[in-house]
Amino acid sequence: MPPTRRPRARRPLRTAGIVLLCLALLWGGGMWWAAASAWDKVRKVDATPHGERVAEGRGRNVLMVGSDSRKGLSRAQRNTYGTGGDVGARTDTIMVLHMGDGKPTLMSIPRDSYVNIPGHGMNKINGAYSIGGADLLAKTVEQSTGLRIDGYLEIGFGGFAKIVDEVGGVHICVKRDMNDPKAHINLKKGCQTLKGKDALGYVRARYSDPEGDLGRATRQRQFLGALMGKLATPTNMLLPWQAKSVGDATAKTVTIGKDDSMWGTGQTFLALRRVAKGDGYSVTVPTSDSDLPTPVGSAVQWDEAGSKQLFDDLRNDRPLSVQPEG
């Protein structure tokens, strides 16, 4: 009589491990598909300064621009958002995100800062974009601050509103009542969720802010950080189909430098999220005069000693000597 075979022992742990590995590979493939799909849709421009450049410092600096481009907005949407006519694009927001060994720093540059635009003389800094586009703006920021610009990210009026609506609005705490007909908003003080139209008005308004352009720069950093935090929620980051939906919507509304990588752009978004969560700093270039008379109208003059110190700190990736705002 042949010996009775003993049933082979089941190996549930091995089976579970194989299943988990397959699921991980499927998830990883799905996330790569979502990221690659969005990356292919992103508009890319020449944003690398030409000619002689400032020396490289420590860390990485990304120039972030909010332009008043109306591209993609219908006449009805321009009326709803209060963006005015279809004029040439200008920079409504200028920031530099510094990433190094420590916490990231998001620095606002007042758009009316009176600086030298290479090859075009003294002017408001936002004029550089109108004159020569992203690369001239980047060169102007480099020459004015001494910070080497390593990446570029731009978003326009219409794109901003669409991204906010795509993520279901962004929760923000409004410091004071804001009734600004020019920005088409009438917001009450307090924490609330802003949808696209009100969000756009919130970051654009300056006539209803007693601090003017400087107050607006603070609100823009606040909202940008909160938006990045909403984009990077577990639902958007862990579900491939949701990541693709948000990624595609974002990709159609942003512009990056043609020399930027997908990895570097991803690091930029993660650093912004850190700032939003309080694991980073927000600061504005120190100023000495916000109503400086110039041949091109009232402008903002930087505090020479304070701004130089701030730029030196960022270039050398050391703790800030100026008091950060967050």
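Details
- Prolate is the label for region 93-177, because a/c, from the alpha-carbon gyration tensor with a ≥ b ≥ c as root eigenvalues, is 1.5 or above and a/b exceeds b/c.
- In straight-distance terms, cross-link reach from K175 covers every one of the aspartates and glutamates whose alpha-carbon lies under 14 Å from its own, apart from those fewer than eight places away in the same chain; here that gives D209, E211.
- Cα-based reach from K308 at 17 Å (exclusive), listing aspartates and glutamates while leaving out same-chain residues under 8 positions away: E56, E142, D289, D317
- Computed label-point distance, nm, for sites D177 and Q323 using a 7 Å Cα→Cβ extension: 2.9 nm
- Shape of region 182-235, Cα gyration tensor, a/c cut at 1.5: prolate
- Cross-link partners for K258 among the lysines, with Cα-Cα distance under 20 Å and sequence neighbours closer than 8 places in the same chain left out: K41, K44, K71, K139.
- Sites L292 and H120 - FRET efficiency at Förster radius 22 Å, r taken between beta-carbons, to 0.05: 0.75
- Cα centroid separation, region 276-291 to region 135-169: 16 Å.
- Prolate/oblate/rounded label for region 146-225 (Cα gyration tensor, a/c 1.5): oblate
- Net length gained if the chain between D101 and I18 were fully extended (0.36 nm per residue, minus Cα distance): 26.1 nm
Values quoted throughout were computed directly from the atomic coordinates according to the rules given, and no laboratory measurement underlies them. The structure presented is a predicted model; accordingly, all values stated were derived computationally and were not measured. Don't worry about glycine lacking a Cβ; one is built from the backbone with ideal geometry, like all the others, and counts go over all protein chains shown.
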